[in-house]
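Report on the structure given below.
The values are calculated or read from the model by the stated rules, or taken from the named source; none is laboratory data. What you see is a predicted model; the values in this text were computed from it and never measured. Positions of Cβ are generated from backbone atoms using ideal geometry, with glycine treated the same way; all protein chains shown enter the neighbour counts. When the accessible area is computed, the model is the full protein with side chains, heavy atoms only, and any ligands, DNA or RNA have been set aside. Shrake-Rupley method; radii C 1.70, N 1.55, O 1.52, S 1.80 Å.
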Amino acid sequence: MRRGSIVQLIVIGVLAGAVASAVALIPNWLPTSASREAGRIDFVFWFVTWICIFVFSIVAAVTIYSVWKFRSKPDDDSDGPPIHGHTGLEIVWTAIPTLLVTAIAIVSAIVLAKNDAAGANPLRVNVYAQQFFWSYDYPGYGNKTSSILRLPVDRSVVLTMHAKDVLHSFWVPEFRQKQDLVPGLHPTLHITPNKVGTYPVICTELCGLGHALMRSRVIVMKPNAFEQWATKKGK
Amino acid sequence: MTSIAEREQHPVHHGPPRPPGGLRRLLYPGFLRAAWMAPLFFGIGCGIVVLCRWWGGWHPIWFGEIIVLVGALTAAPIGFLAGIGAFDYWVRYAIGSPTQPEDHSGHGAYSWKDYFRVNTDHKVIGMQYLATTILFFLAGGLLAMLVRAELAKPGMQFFDNQTYNGLFSVHASLMIFLFVIPAFAGLANFVVPLMLGAPDMAFPRLNALSFWLLPIAGIMMLSSFAAPGGAFAAGWTGYAPLSVHQPMGTIFFNMGVQWAGASSIMTALNFLVTIITMRAPGMTFWRMPLLVWANFTTSLLVVIATPFIAGSQFFVMFDKVMHTHFFDVAGGGYPLGYQHIFWFYSHPAVYIMMLPGFGIASEVISVFSRKPIFGYRLMALSLMAILVLGFSVWAHHMFVSGMAPWLRVPMMITTLMIAVPTGIKVFSWLATIWEGKINFSTPMLWAVGFVSMFVIGGLSGVYLGAVPIDIHTSDTYFIVAHIHYVLFGGSLFTIFAGIYYWFPKMTGRQYNEKLGKLHFWLTFVGFNLTFFPMHLIGTQGMPRRVSDYAPQFATWNLFISVASFSLGASTIVFLYNMITSMRRGAPAESNPWRALTLEWQVTSPPPIFNFDEIPQVVGNPYEYGVPGARHAILSGDRAATEAEVRSH
């Protein structure tokens, strides 16, 4: 390759990378982060994003350059150079993706292990789903029930899932955590809210007629406000 | 099949024998016989149900759901198949009537009517497949337009929730089971025997049967809208226990999948036997075109995986109609069992819907770049690697399902590893284009469009492979974006590439190049405007499969709906081009693309038994630019003779 072509190729790659970075940075891709787990998941998200932008820039540069430079003239019936392969190149593009996905797998596995570990003295809450509403109870507070999930800020929470009829899925986008509720199983989900506020609870597993409307709220409160609410009799 | 020499001694009939006149015509295979045999079999099915229920003392004796299942969805289709004559030869053989194994009266098409009967010619069957699947593609596309119309604004517009859930469920089922999978089977049906230098598929009568199962499956899924309670509405994934508790429409899906699945398995067996046993002399595995390799690996996937979805749907149906407890916790059932069995098919199914497209892309990219495919052997081996790895990743659809938590990390590793062979394919296509003499005719536009869109779909797949990101994005619009980049930008783009590429060979006419390019650009732009923003609203918090959504997503949804209508409209250009070119297009040469593979060395359309003589394969299929290289030798080399005639 001539030096000029290499420069052109690199310029296209940098431009493609810049466009992809703009797409990644200008819109708000992720909602507010409101839990410790969300922070870690966002880290994986951006880690993967930068790797993807890197791969995308290379592929886009080669594609755009080829489409631009290697068009045949309308009256040109000749063939291209008979290149059958290049072992070195093939080893490179097998090895580099292997390394990249291995890195992603390691980072993901570490984050997963951290997010799965509940902190000391977690607050236990039972989550109940049925067509088409959510309810919650607090075994540590005399099985106090509520139709809104109230949680204290900065305390580890273990949610235990109970499905009464069909599959549902518990999702709070601001917590980034999601767990299906399955009849007969009681999987748990760990969340450590770290931002006071009100966020939506969304059912993300198709559960029938009212699926789109199966919503609830989670209110993250200051610890003493939570204690006050939780120890009060009634709803 | 007879050898060519033998056939010359016993010239074949031209077309089927004339149907007899009068009442005897009712016994002649065809739609007329099907018109009374389907109701007859329906009656027999009803009789069996009523007798069993009366004998068992189950009330009511006449029970609608069972009557529909046994009479309408099982017995009547068998009657229809028997009526059109799909079983005639085997029945005659079984009862000891004289049969003629080399009877070619069902072979070839001499008028349009020959496309509407049981035909044993792989080229006719290929066209039957394509025409049928395009019809279901249009039906599925219209359903998607209705979905987008409902989603244009928050709140409910046109449909109630049950109907809405039915719309997207039937949309996905038609697109997957009645379009992408069988459209690839149709293209391969036409092309694979030609590429191998074979006169037909190994089992032409089985081939005919596999086609006729398809319209049955498609009509079944569509007609579920007419079932009491509406169409099946548990998504194409039909997760239990929701699907068990749905109205009767569920059974239409359960049974439709059986018919479509049976069709897939039969075709795949046929491809395997054809590819293994019917290669022309000299066509070693390492000389096969990559399209043949792709269909070889796809067929292995189909044969191994499809029985799993058949099982999963039978279990759901048994739970529903026979009150078994496969997925019912109260009876000792296990709901996650459904998902494991379902995805053990449905993840390999993603590759069933992608590998044939890889094959088409390899053909088109090599021919239109005028260069050998880069790293041919590694391309074939990476297909095999995807085949093997594809069976070890199913639970990545279940990272949030509540399955054993330890299963997530191993499944994440295998999932991410699939990016490696897939990456090898993408990089090899790019290396093939590199320094080529690229001709951007319509097939090449689709092929390069496919590579670029598939890269985006592959990268979003890497996000989803990483468990922590998947936990956030699972069941959101991010998934909807991802699957459409893979199945629309991937599979559909390559189907279009294949249709335009082989159109001259199939019809003997050339399509309109300007309209072909217009179709590509309209689709390419409409596709990206429709599906790219879905990534964003997904990560921001919009779940999938909802008829209503939070107001914050209103602007993007309106934008997506408008874009999707323009995407839908681009199909009109395609249909117009196909129909007018088929009737009035310029006559096509035998080898308009100057390709080396065997299908281009015969006339367009090919002779009735493909080759007037058995081709001798002497080299690799992609030796563009190699001076004097040949893939195969045909002594009466048509292309050479034609060129000579033209030059005089």
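Some observations on this one:
- Near residue A:228, once Lys and Arg are set to +1 and Asp and Glu to -1 for all other residues with Cβ below 11 Å from its Cβ, the sum equals +2.
- Net +/- balance of residues flanking residue B:617 in space, Cβ distance below 10 Å, scoring K and R +1, D and E -1: +3
- With 0.36 nm allotted per residue and the present C-alpha distance subtracted, the residue A:78-residue A:158 stretch has 22.0 nm of extension available.
- Helical content of chain A, expressed as a calculated mean residue ellipticity at 222 nm, amounts to -14500 deg cm²/dmol (DSSP H runs of 4 or more residues, -39,500 (n - 2.57) each, divided by residue number, nearest 500).
- Listed peptides B:75-83, A:133-141, A:18-26 by packing density, highest first (mean Cβ within 10 Å): B:75-83, A:133-141, A:18-26
- Average beta-carbon neighbours from other chains, 10 Å sphere, peptide B:326-332: 2
- When the residues A:42, B:160 are ordered by accessible surface, computed with a 1.4 Å probe over the protein chains alone, the sequence from largest down reads B:160, A:42.
- Annotation for residue A:186 and residue B:521: the two label points, set 7 Å from Cα along the Cα-Cβ direction, are 6.3 nm apart.
- Restricting attention to the protein assembly as shown, close to 70% of DSSP beta bridges with both partner residues there are antiparallel.
- Extents of chain A, largest first, come to 86, 37, 32 Å (Cα atoms, principal axes, whole angstrom).
- Other protein chain C-beta atoms within 10 Å of residue C-beta, averaged over B:388-401: 2.
- Whole-Å semi-axes of the ellipsoid equivalent to region B:313-469 (Cα gyration tensor, √5λ, descending): 39, 17, 12
- Helical segments meeting 24 Å axial Cα length and Kyte-Doolittle 1.6 threshold in chain B (DSSP H): B:290-317
- Within chain A, the whole DSSP H helices whose Cα atoms reach 20 Å or more along their own axis and whose mean Kyte-Doolittle score is at least 1.0 are A:3-25, A:36-69, A:87-116.
- In Å², nearest 10: area of residue B:287 left accessible to a 1.4 Å probe: 70 Å²
- Rg over Rh for region B:143-226 works out to 1.19, both radii taken from alpha-carbon positions and Rh defined as the Kirkwood radius.
- Listed peptides A:66-72, B:181-187, B:96-102 by packing density, highest first (mean Cβ within 10 Å): B:181-187, A:66-72, B:96-102
- If you sort the three axes of the alpha carbon gyration tensor as a ≥ b ≥ c, you get a/c of 1.5 or more for chain B and a/b no higher than b/c, which makes it oblate.
- A protection proxy built from the mean count of other Cβ atoms within 10 Å ranks the segments B:563-571, A:170-178, B:516-524, A:33-41, most packed first, as A:170-178, A:33-41, B:516-524, B:563-571.
- Mean partner shielding of peptide A:71-81, defined as the number of other chain Cβ atoms within 10 Å of each residue Cβ, is 6.
- For the protein assembly as shown, diffusion coefficient by Stokes-Einstein and Kirkwood Rh (Cα), 20 °C, 1.002 mPa s, µm²/s: 74 µm²/s
- Euclidean distance of C-alpha centroids, region A:143-209 and region B:84-114, integer Å: 61 Å
- The Cα center of region B:217-237 and the Cα center of region B:517-570 differ in position by 25 Å.
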